[in-house]
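A short worksheet on the structure shown next.
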Amino acid sequence: MVVEPKVKGFICTTAHPTGCEANVKKQIEYVKSQGNMKGAKKVLVLGASTGYGLASRITAAFGMGAATIGVMFEKEASGKRTATPGYYNTRAFDKEAAAAGIYTKSINGDAFSKEIKEEVISLIKKDWGKADMVIYSLAAPRRTMQDGNVVSSVLKTTGESFTQKNWNLRDNTIGDATIQAATEEEIANTVTVMGGEDWMDWMDALVAADVLEDNALTFAYSYIGPRLTYPIYHEGTIGHAKAHLTKSAAEITRKYEDKGIKAFVSVNKALVTQASSAIPVVPLYLSVLYKVMKDKNIHEGCIEQMYRLYSDKVFGENGILLDKDGMIHLDDWEMREDVQKEVMDIWEQINSDTLMGLADTDGYWNDFYNMFGFKIEGIDYSADVDI
Ligand code: NAI
């Protein structure tokens, strides 16, 4: 059938299989063009099908030559409904890795569950013996707890409500968005879903089953960003979860000191992904940031970020590069003083009339459509595809 994008605000309900495949191939080509790095050999990637997790998996497989096991939560096609992009991405990744002779196995299921942890552990035992790196890149709206209870995360501010400029994606206007303050319960729930508890559960399960090498490394991803987005991000419900994630990294390292296992948080750049486009105010910040960083020739996407993370800041000549706060900072270019100054100058001037000229709205939409396999060069979108 012919697959067309069906966009509703920050979500697209269709995905193009050939487009997604092309997207994965492009990322693989990028990594290959950058050259090999010395790194891990057997890498478990949790949240491996889109965004930063997919880019991490591609970097591990095609940059380090590592075997990977990926876990993701994606939907298959059914009837006239296409599969989710992460489903097509994973299929494409598996195909490309197998063709290159690189071990790959993908498990589609709920990473929060005990069953999937057990499935991964028996697969590692059977095929690898032990893993030497674990990447935790889940971004989930909810988590089903062991007792069946479902906990949902919210994207809200904390303390008092706040109002900020917002890009209405439906009618391309700039208005004010007021974001309500979360209740204590909503904050706690967001920490349960997006904090480090499940990361710790994974590490506990892997160590208990003896499927991790001594000195194994584990990474999770965070975001801080500028003061402008503090109320919705850094000091919002998601920021509370990220603070918990950071605390968990230190706890994992302390707990498994005798095995030399070390956990790190990498603070990444803000990018258009399914997770970030759902956050109020953030799409406008992203499109202004894209404009400034592209003008300065320092714009990166997920794959450029993840390649730079592992080649320069983890497996580079000088070992793991941590900033004063104990985290790896891949947001170094985003947070550069000149970049942030220009972003803020533009922010002051932006309104419905100046939006198109001052922000990279095309770049935002391009990344957005690309995530779902649309608007990718060389794809004939009028052709029938098997979904
Ligand atoms: P994404 O939405 O592209 O990817 C999320 C991944 O998690 C997908 O592979 C999805 O299948 C998987 N997933 C979700 N629920 C799952 C479940 N229950 N079981 C198994 N897999 C599940 O998100 P993105 O943006 O790549 O986020 C990854 C991490 O990077 C998150 O921790 C996020 O906070 C962080 N980050 C994102 C930034 C951004 O601007 N997008 C910036 C800095 C950090």
Could you check region 286-387 for helices (runs of 4 or more DSSP H) lying wholly inside it with 2 or more residues that are of a type in the set (Val, Ile, Thr)? 337-349
What is the number of the single condition among (1) within 23 Å of LEU54 (Cα to Cα); (2) open to solvent by 30 Å² or more (accessible area, probe 1.4 Å); (3) among the aromatic types (Phe, Trp, Tyr) that TYR307 does not meet? (2)
Does ALA243 meet the test of being within 16 Å of LYS156 (Cβ to Cβ) and open to solvent by 10 Å² or more (accessible area, probe 1.4 Å)? yes
Pull up region 2-12, narrow it to residues that are open to solvent by 40 Å² or more (accessible area, probe 1.4 Å) and modelled with pLDDT of 95 or more, then point me to the one that is farthest from the chain's Cα centre (by Cα). VAL2
Set VAL207, VAL151: member being in a strand (DSSP E or B), surrounded by fewer than 19 Cβ atoms within 10 Å (Cβ to Cβ) and modelled with pLDDT of 95 or more: VAL151
Pairs, first over 14 Å from ILE28 (Cα atoms) in region 85-96, second polar (S, T, N, Q) and open to solvent by less than 50 Å² (accessible area, probe 1.4 Å), C-beta under 7 Å, six or more apart: PRO85/THR50; GLY86/SER49; GLY86/THR50
Do we find a residue being in contact (Cβ under 8 Å) with a residue 60 or more places away in the chain and under 26 Å from GLY175 (Cα atoms) anywhere in region 304-323? no
Members of region 275-310 that are in contact with a Ser or Thr (Cβ under 8 Å, 6 or more places away or on another chain), closer than 21 Å to GLN27 by Cβ and within 13 Å of the ligand (Cβ to nearest atom): LEU286, CYS302, ILE303, MET306, LEU309
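Scan region 260-284 for residues that are in a loop (DSSP other than H, G, I, E, B) and of a type in the set (Lys, Arg) and report the count.
Number of matching residues: 1.
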In region 233-259, the residues that are within 15 Å of the ligand (Cβ to nearest atom), in contact (Cβ under 8 Å) with a residue 40 or more places away in the chain, closer than 22 Å to ASP332 by Cβ and in a loop (DSSP other than H, G, I, E, B): TYR233
Among the residues that make up region 112-123, is at least one of them open to solvent by less than 30 Å² (accessible area, probe 1.4 Å) and among the small types (Gly, Ala, Ser)? yes
Filter region 38-56 down to the residues that are near the ligand (Cβ under 9 Å from one of its atoms) and assigned to a strand (DSSP E or B), then identify the one that is surrounded by the most Cβ atoms within 10 Å (Cβ to Cβ). VAL45
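Matching residues to (1) aliphatic (A, V, I, L, M); (2) out of contact with any strand residue (DSSP E or B) (no Cβ under 7 Å at 6 or more places or on another chain); (3) in contact (Cβ under 8 Å) with a residue 12 or more places away in the chain:
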{"site": "THR59", "(1), (2), (3)": "no, yes, yes"}
{"site": "LYS75", "(1), (2), (3)": "no, yes, yes"}
{"site": "ALA99", "(1), (2), (3)": "yes, yes, no"}
{"site": "TYR103", "(1), (2), (3)": "no, no, yes"}
{"site": "ASP110", "(1), (2), (3)": "no, no, yes"}
{"site": "ALA131", "(1), (2), (3)": "yes, no, yes"}
{"site": "SER137", "(1), (2), (3)": "no, no, yes"}
Counting only residues that are more than 15 Å from the ligand (Cβ to nearest atom) and open to solvent by 60 Å² or more (accessible area, probe 1.4 Å), region 101-110 contains a total of 2
I'd like the full set of residues that are over 16 Å from VAL45 (Cβ atoms), within 11 Å of the ligand (Cβ to nearest atom) and not in a loop (DSSP other than H, G, I, E, B), limited to region 111-143. ARG142, ARG143
Looking at region 176-185, can you tell me whether even one residue there is in contact with a strand residue (DSSP E or B) (Cβ under 7 Å, 6 or more places away or on another chain), within 16 Å of the ligand (Cβ to nearest atom) and modelled with pLDDT of 95 or more? no
Only one of (1) assigned to a helix (DSSP H, G or I); (2) closer than 26 Å to MET371 by Cα does not apply to GLY70, and that is (1)
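The values are calculated or read from the model by the stated rules, or taken from the named source; none is laboratory data. As the structure is a prediction and not an experimental result, all values here were calculated from the model. Glycine gets a Cβ as well: all are built from the backbone with ideal geometry, and neighbour counts include every protein chain shown. Ligands, DNA and RNA are stripped out before the accessible areas are found, and what is left, the full protein with its side chains, is counted by its heavy atoms. Shrake-Rupley method; radii C 1.70, N 1.55, O 1.52, S 1.80 Å.
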